[in-house]
1. Only one of (1) within 12 Å of the ligand (Cβ to nearest atom); (2) in contact with a Cys (Cβ under 9 Å, 6 or more places away or on another chain) is not met by L146, so which one is it?
2. If you go through region 74-85, how many residues are more than 26 Å from I24 (Cα to Cα) and within 14 Å of the ligand (Cβ to nearest atom)?
3. Do we find a residue being modelled with pLDDT of 95 or more, closer than 21 Å to D207 by Cβ and assigned to a helix (DSSP H, G or I) anywhere in region 296-307?
4. I'd like the residue in region 128-172 that is closer than 18 Å to I93 by Cβ and of a type in the set (F, W, Y) and, out of all such residues, is nearest to the chain's Cα centre (by Cα).
5. With respect to M312, is the statement that it is surrounded by fewer than 18 Cβ atoms within 10 Å (Cβ to Cβ), among the hydrophobic types (A, V, I, L, M, F, W, C) and assigned to a helix (DSSP H, G or I) true?
6. How many residues are aromatic (F, W, Y) and more than 26 Å from M295 (Cβ to Cβ) when one looks only at region 237-276?
7. Any idea which of L258, L290, L320, L250 is free of Cβ contacts under 8 Å to residues at least 60 places away in the same chain, surrounded by 14 or more Cβ atoms within 10 Å (Cβ to Cβ) and in a helix (DSSP H, G or I)?
8. On the given criteria, is Q53 within 15 Å of the ligand (Cβ to nearest atom) and over 19 Å from the mean Cα position of the chain (by Cα)?
Amino acid sequence: MDIDVIETIFIEEAIDDHPTTRHILKSLPRAQLIAISRYQEIFNKRHQNFRLQKKNPCLILARKHENFVLPAPAGFGMNSNLNFYFSHMYNCIYDCRYCFLQGMYSSAHYILFVNYEDFFKAISRTIEKYPDNSLTFFSGYDCDSLAFEKISNFANHTLDFFSDHPPIELELRTKSIVTSPLMKREPVTNCIVAFSLSPKKIATILDKTAPSISHRINALKQLANAGWSVGLRFDPLIYCADWETMYSELIAEIMHDLNPRNLHSVSYGPLRFPKNMYKKILTLHPNDKLFSFPMKEKAGIISYGTEIEELMSKFIKNELNKYTTQNKIFRCAV
Ligand code: SF4
């Protein structure tokens, strides 16, 4: 979806004069504005239809009151650092078939929490709480880190904050090719811009409305050439006919002329869903080929099963070993 065509913005009365609200409203001058008291009046009410709303989502501007910083779920971090995430936004302008957000929320509207200053206060408190640990903060868990940047300007503020905290790592995870806010500034050495990638043929079918893989590869190389640290995220790995050739060609294309010094890390992980989320997503796409594979359940997680996961992991790891060092390669734990 093109974010310029957002037709309706719901605004919590308490933040209607917040500087971020004013900035956002200037970017969307044609939208109809509707005052609300709390975002829950509109978002995630029962009997909403995620697929229907996804066709024409509204924007909701709200204040976040708690849970600014949370421990990252298992399998999200790269190494033994303490990993946290923060979500200034719920939902995403893209529409990937496997996206867990459609299983998490009943509503496809975009919520943007405009009190950015409270996120940075909470991140500061977390840093102070763990003075002897190396910490990584992830943005983009409940949304895409950069896709909405033209309107939100959140990554820009986040980079300002983390520039002042060089020992603390920040990961921006994205499928977007919105690189201009980053290219305009000097690389922030403790920031990793991590791109989610799949073979072209798979992405064309599953990453609905996200930028093409060629564009994503161009964007990540542009950033790496400008001195930014980039990450590669092959997660979820999709099992299908000819997957070995497709993943091998994708990895070769990315690694060709990518300066290894600017490659921070590569991670990969199998397609997996918590059981209840899988059931919910299945009801949204009952005839989708992705969900017609006989999946297996283990400890409440639905996946391709150990045999296929091990086969794919081993193959991907071998391919990556051709181009980069072992210490940069991570398998996302389930
Ligand atoms: S880019 Fe990420 S958050 Fe957005 S729809 Fe795709 S999987 Fe979901």
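1. All conditions pass for L146, except number (2).
2. Selection size over region 74-85: 1.
3. no
4. Y141
5. Details: surrounded by fewer than 18 Cβ atoms within 10 Å (Cβ to Cβ): no; among the hydrophobic types (A, V, I, L, M, F, W, C): yes; assigned to a helix (DSSP H, G or I): yes.
When the stated conditions are applied, M312 does not pass them.
6. 0
7. On the way: L258 fails: in a helix (DSSP H, G or I); L290 fails: free of Cβ contacts under 8 Å to residues at least 60 places away in the same chain; L320 fails: free of Cβ contacts under 8 Å to residues at least 60 places away in the same chain.
Answer to the check: L250.
8. yes
The values are calculated or read from the model by the stated rules, or taken from the named source; none is laboratory data. Not measured: the values here are computed from a predicted model. As a convention, Cβ positions derive from the backbone with ideal geometry for all residues, glycine included, and neighbour counts pool all protein chains shown.
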